[in-house]
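Student: What follows is a structure written as structure tokens; I'll ask about it next.
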Amino acid sequence: MGRRVARKTADGAESKMNLRSLLSESVRPLILGHQNADPDAVCAMIAFSTLYRAINPAGSPVLLADDLSRLSHQVIDTFTSDVPILETSDVVGDLVILVDTNSTFQLGPKLQKVPQDPSRTIILDHHEYNPEVETLSEHRLVKSDRSSTCEIMVDIFEEEMIRIDPATANLLLTGILFDTRRFYFADTKTLQTAIRLIEYGADYERCIKALLMRPDRSERIARLKAAGRIKIHMIGDWVLATSTISAFEASVCRSLIEMGADVAIVGGSPSKGVVRVSSRSTREFSTATSVNLGKDVMEPLGDIIGGKGGGHENAAGANGTKGLEEAIVKSVDLIRTIIEREHEPTSEP
Ligand SMILES: [Mn+2]
């Protein structure tokens, strides 16, 4: 225990010493987020550029990510004005900072080759340790026990004694909220960090709202239409819900589970000669019944509808060419057979 604490302190001291000199010597750092950057990545990137500007006001950082998620765009629009995050750039940086990832693969094809010189590459991340980092970077701040990269950023600001302004506090709290699923995954340190961000000026309610996103109108209509056509099947204590819709089958399945189904099966025929079936189940259902939607239901169903099926235990689908109604009836039958077989009294002599 003592050794762990000592090592942590040593790491912290080392990163502090390195970071300030690396940033003050760099005039054009490239701050890179992972592909389809999520709010944790984007908020940490913007906060990092703020930190850099505080240390080196004369420099000009470039922020890069191969696409941002829809939610990230919403977060940026909520809290910042004109922070350009580019998809690619011809600019040659004198320092590269990888944010919220420790693998070049995760940067996506457009940016994979940007980190070249390990002595000029910093990694700032909370994901599981990836051996690639040894050759990628000589300056690493990888803390796998932290909830998010934004949480690590708070430590960095404080270690560097740079005040977190309210705008940055909003971004960092939003990143933490996103990666912890609004504190579903959080420990004492994460919660204390969140409180400090509120003291620095973060508006908790605004941060929560920045992460709320309704599905598109067409997707919501699909969910409502499918709900209107729902059929409920009771198998023992389990509730199966089936319905049909010609788009957003997976989203409709999730909404039926949210409404209370243990299993949802939704089929659609988006065009002539095309049949799609999607399914979801709760973990509770698959654990108790050992019904694997991929292997037990969608794989055999694929043959029946003239196509292919498969997937995972709790999420699976099939594509084919014929028999939508039959496919749904058959899926329910396959599940019923397994459950009833499991509960048959064994007749051993
Ligand atoms: Mn993250």
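Residues checked against (1) surrounded by 13 or more Cβ atoms within 10 Å (Cβ to Cβ); (2) in a helix (DSSP H, G or I); (3) more than 16 Å from the ligand (Cβ to nearest atom); (4) within 22 Å of the chain's Cα centre (by Cα):
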{"site": "S147", "(1), (2), (3), (4)": "yes, no, no, yes"}
{"site": "I156", "(1), (2), (3), (4)": "yes, yes, no, no"}
{"site": "I162", "(1), (2), (3), (4)": "yes, no, yes, no"}
{"site": "A169", "(1), (2), (3), (4)": "yes, yes, yes, yes"}
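Student: Among the residues of the stretch 171-198, write down those that are at pLDDT 95 or above, over 24 Å from R20 (Cα atoms) and more than 14 Å from the ligand (Cβ to nearest atom).
Tutor: Scanning the stretch 171-198 gives R182, F183, D187, T188, K189, L191, Q192, A194, I195, I198.
Student: Oh, and also: Based on this model, can you work out whether V133 counts as without any contact (Cβ under 8 Å) to a residue 40 or more places away in the chain and of a type in the set (A, V, I, L, M, F, W, C)?
Tutor: yes
Student: Which number in (1) more than 18 Å from I257 (Cβ to Cβ); (2) part of a helix (DSSP H, G or I) marks the one condition that V332 misses?
Tutor: Just one mismatch for V332, condition (1).
Student: Sort through S24, S49 and tell me the only one that's out of contact with any strand residue (DSSP E or B) (no Cβ under 9 Å at 6 or more places or on another chain), modelled with pLDDT of 95 or more and within 19 Å of V92 (Cα to Cα).
Tutor: Exactly one residue qualifies, and that residue is S24.
Student: Could you check N130 against (1) modelled with pLDDT of 95 or more; (2) surrounded by 14 or more Cβ atoms within 10 Å (Cβ to Cβ) and say which number it fails?
Tutor: Unmet condition: (1).
Student: Looking at N102, N56, which is the one that is touching a helix residue (DSSP H, G or I) at 6+ places or on another chain (Cβ under 6 Å) and modelled with pLDDT of 95 or more?
Tutor: Matching residue, one of N102, N56: N56.
Student: I've got another one for you. Test each condition in (1) closer than 23 Å to I305 by Cβ; (2) of a type outside the set (S, T, Y); (3) in contact with a Ser or Thr (Cβ under 8 Å, 6 or more places away or on another chain); (4) at pLDDT 95 or above for A210 and report the one that comes out false.
Tutor: Every condition holds for A210 apart from (1).
Student: Is there any pair linking a residue in the stretch 33-46 that is touching a residue at least 40 places away in the same chain (Cβ under 8 Å) to one that is among the aromatic types (F, W, Y) and near the ligand (Cβ under 9 Å from one of its atoms), with Cβ under 9 Å and at least six apart or on different chains, and which?
Tutor: Listed pairs, sorted by first residue: D38/F178; P39/F178; D40/F178; C43/F178.
Student: Would you check which residues across the stretch 184-216 are among the polar types (S, T, N, Q) and either touching a residue at least 24 places away in the same chain (Cβ under 8 Å) or assigned by TED's automatic domain parsing to the domain that holds F248 (or both) and list them? Walk me through it before giving the result.
Tutor: We begin by selecting, within the stretch 184-216, every residue among the polar types (S, T, N, Q); these are 188, 190, 192-193.
Matches in the stretch 184-216: T190, T193.
Student: Now for a separate question. Can you confirm whether T135 is assigned to a helix (DSSP H, G or I), away from the ligand (no atom under 13 Å from the Cβ) and farther than 17 Å from A44 by Cβ?
Tutor: yes
Student: I'm told G228 meets every condition in (1) of a type outside the set (D, E); (2) free of Cβ contacts under 8 Å to residues at least 12 places away in the same chain; (3) farther than 30 Å from D303 by Cα except one. Can you identify the failing condition by its number?
Tutor: With respect to (1) of a type outside the set (D, E); (2) free of Cβ contacts under 8 Å to residues at least 12 places away in the same chain; (3) farther than 30 Å from D303 by Cα, G228 is out only on (3).
Student: Another one. Condition first: within 16 Å of the ligand (Cβ to nearest atom) and either assigned to a helix (DSSP H, G or I) or touching a Phe, Trp or Tyr at 6+ places or on another chain (Cβ under 7 Å) (or both). Now tell me which residues in the stretch 32-64 satisfy that.
Tutor: Selection gives D38, P39, D40, A41, V42, C43, A44, M45, I46, A47, F48.
Student: Next up: Go through (1) crowded, with 21+ Cβ neighbours inside 10 Å; (2) within 15 Å of the ligand (Cβ to nearest atom); (3) assigned to a loop (DSSP other than H, G, I, E, B) for E151 and report which single condition fails.
Tutor: (3)
Student: Now for a different question. Which count do you get for residues in the stretch 84-132 that are assigned to a loop (DSSP other than H, G, I, E, B), among the hydrophobic types (A, V, I, L, M, F, W, C) and either touching a Pro at 6+ places or on another chain (Cβ under 9 Å) or not assigned by TED's automatic domain parsing to the domain that holds M153 (or both)?
Tutor: Initial filter on the stretch 84-132 (assigned to a loop (DSSP other than H, G, I, E, B)): 84, 87-94, 100-104, 108-117, 126-132.
With the extra rule that they be among the hydrophobic types (A, V, I, L, M, F, W, C), the set shrinks to 91-92, 111, 114.
Now drop any that are not either touching a Pro at 6+ places or on another chain (Cβ under 9 Å) or not assigned by TED's automatic domain parsing to the domain that holds M153 (or both), which leaves none.
Adding up the residues that qualify gives 0.
Student: Of (1) of a type in the set (F, W, Y); (2) over 15 Å from D40 (Cα atoms); (3) buried (at least 20 other Cβ atoms within 10 Å of the Cβ), F178 satisfies all except one. Which?
Tutor: With respect to (1) of a type in the set (F, W, Y); (2) over 15 Å from D40 (Cα atoms); (3) buried (at least 20 other Cβ atoms within 10 Å of the Cβ), F178 is out only on (2).
The values are calculated or read from the model by the stated rules, or taken from the named source; none is laboratory data. Model, not experiment: these values are computed from the prediction. Because the Cβ atoms are built from the backbone with ideal geometry, glycine has one as well, and the counts that use them run over all protein chains shown.
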